[in-house]
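S.K.: I'd like to ask you about the structure that follows.
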Amino acid sequence: MNKLSIKIGNLTFNSPVIAASGTFGFGLEYKEILNINDFGAIVTKGITIERREGNPLPRIIETPCGLINSIGLANPGVKEFVKQYGDIYKNFPTNIIVNVAGGNISDFINIIKKIEHLNVIGYELNLSCPNVSDGGMILSEDPNDIYILIKTIRNITNKLIISKLTPNLCNTIELARASEEAGCDAISLVNTYLGMSIDIETCYSRIGKDYGGYSGPAIKPMALKLVYDISNAVDIPIIGIGGISSGSDAIEFLIAGASLIQVGSIIFRNPQIAFEINTFIENYMDRKSINDLNEIIGTFKGSI
């Protein structure tokens, strides 16, 4: 897939398609039904210091245009994560990025120190989880806190640092700029939008919490707009996320300014989505006589 390769710093991704955190487990769950190497990277489920059981059931509800999830960062904790997956990642078929979540700077630092020795290319900092009462949202509102966090992490690792930002605040551009100034390598956005669903017979929420994170095709136009805005506000690469369900969707995000894209909710319906997107992009490039993926990125021309 040389035609589809893209670089961030010194790292090469064989495809611009990345499996989003929380939709691909820890990289093994789909190995029997697809070629994991179709993905340029896998982002793991969010890892916290201690084991988390997650939110009450039900945790996922389908809506006409997407999913509402309220997982609550359920995970085995960093110690068990290292024990279970450390050896597996030594010879993994594609890049591994660990999604790291914490309620304060100390949590993030301690997790990264415990996994720094693993064969992973970097960390996606979960600064914007919308369905937990602690962790993520505490840090995501303040550009100064974001700056201090990333600056501190930059001092302890040379691996890739990705700042995952929320669309649920009005100062996302400020958060992106603070991330860049602190030494972040890339910005991934958007995380899920806040959403809710109500059972009209019982008047209770249809998920185990009052609200959760909304993803799927319905958020794509809003995510695309924010990717465009942020790509024009910072110079570091953008990883576009939000409702991407086809090769055409992926190319829209590249044109808007994303260097890579993540697919999430669509994986549950179509595990072969990475292969399909790769094929579509290759055919698009052939049809347009494009030999380098970078020739697509950021080519939006505005209105006619």
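S.K.: For the chain, give the magnitude of the charge dipole about the Cα centre (Cβ charges: +1 Lys/Arg, -1 Asp/Glu; no others), in debye to the nearest 20.
M.R.: The calculated dipole for the chain is roughly 440 debye.
S.K.: Follow-up. With the full set of protein chains in place, find how many percent of the accessible area of region 10-154 is carbon and sulfur; take the probe as 1.4 Å.
M.R.: About 50 percent, which is the carbon plus sulfur part of the accessible surface.
S.K.: Report the extension gain between N104 and S248 in nm, rounded to one decimal, defined as 0.36 nm multiplied by the number of residues separating them, less their alpha carbon distance.
M.R.: So the extension gain works out to 48.0 nm.
S.K.: L169 to K114: extension gain in nm, 0.36 nm per residue of separation minus the Cα-Cα distance?
M.R.: 16.7 nm
S.K.: Next up: What is the calculated FRET efficiency for I60 to I88, with r their C-beta to C-beta distance and R₀ = 25 Å, to the nearest 0.05?
M.R.: Between I60 and I88 the formula returns 0.45.
S.K.: Between Q84, I198, N99, whose Cα lies farthest towards the positive end of the dipole of the chain when Lys and Arg beta carbons carry +1 and Asp and Glu beta carbons carry -1, centred on the Cα centre?
M.R.: Towards the positive end, the residue furthest out is Q84.
S.K.: What do you reckon, how do S106, S5 stack up by accessible area (1.4 Å probe), largest on top?
M.R.: Output order, biggest surface exposure first: S106, S5.
S.K.: Report the one residue of P221, I121, N278 whose Cα lies farthest in the direction of the positive end of the charge dipole of the chain (charges on C-beta: Lys and Arg +1, Asp and Glu -1; origin at the Cα centre).
M.R.: I121
S.K.: Identify which of the listed values of Cα extents along the principal axes in Å was calculated from the structure shown: (1) 66, 38, 34; (2) 52, 50, 42; (3) 92, 53, 31.
M.R.: (2)
S.K.: Same structure, new question: Write down the accessible area per residue of the chain in Å², having rolled a 1.4 Å probe over the full set of protein chains.
M.R.: With the other protein chains kept in place, the chain gives 45 Å² per residue.
S.K.: Also: Run down the aspartates and glutamates and flag those whose C-alpha is under 15 Å from the C-alpha of K83, throwing out any fewer than 8 positions away in its chain.
M.R.: Of all the aspartates and glutamates, those that pass the test against K83 - Cα under 15 Å, at least 8 places apart if same chain - are E50, E116.
S.K.: Under a 1.4 angstrom probe, counting protein chains only, how are C170, C65, C203 ranked by accessible area, largest first?
M.R.: C170, C203, C65
S.K.: Could I ask something else about it? Restricting the count to DSSP beta bridges whose residues both fall in region 147-298, what percent are antiparallel, rounded to a multiple of 5?
M.R.: Taking every DSSP beta bridge within region 147-298, about 30 percent pair in antiparallel fashion.
S.K.: Could you calculate the FRET efficiency of K3 with I200 from 1/(1 + (r/R0)^6), where r is the beta carbon distance between them and R0 is 45 Å, rounded to 0.05?
M.R.: Plugging the Cβ-Cβ distance into 1/(1 + (r/R0)^6) gives 0.35.
S.K.: Now, a different point. Please give the solvent-accessible surface of R59 in Å², to the nearest 10, using a probe radius of 1.4 Å with every protein chain present.
M.R.: 60
The values are calculated or read from the model by the stated rules, or taken from the named source; none is laboratory data. Computed from a predicted structure; not experimentally measured. For neighbour counting, all protein chains shown are included, and Cβ atoms are generated from backbone atoms with ideal geometry for every residue, glycine included. What goes into the accessible areas is simple: the full protein's heavy atoms, side chains included, and nothing from ligands, DNA or RNA. Shrake-Rupley method; radii C 1.70, N 1.55, O 1.52, S 1.80 Å.
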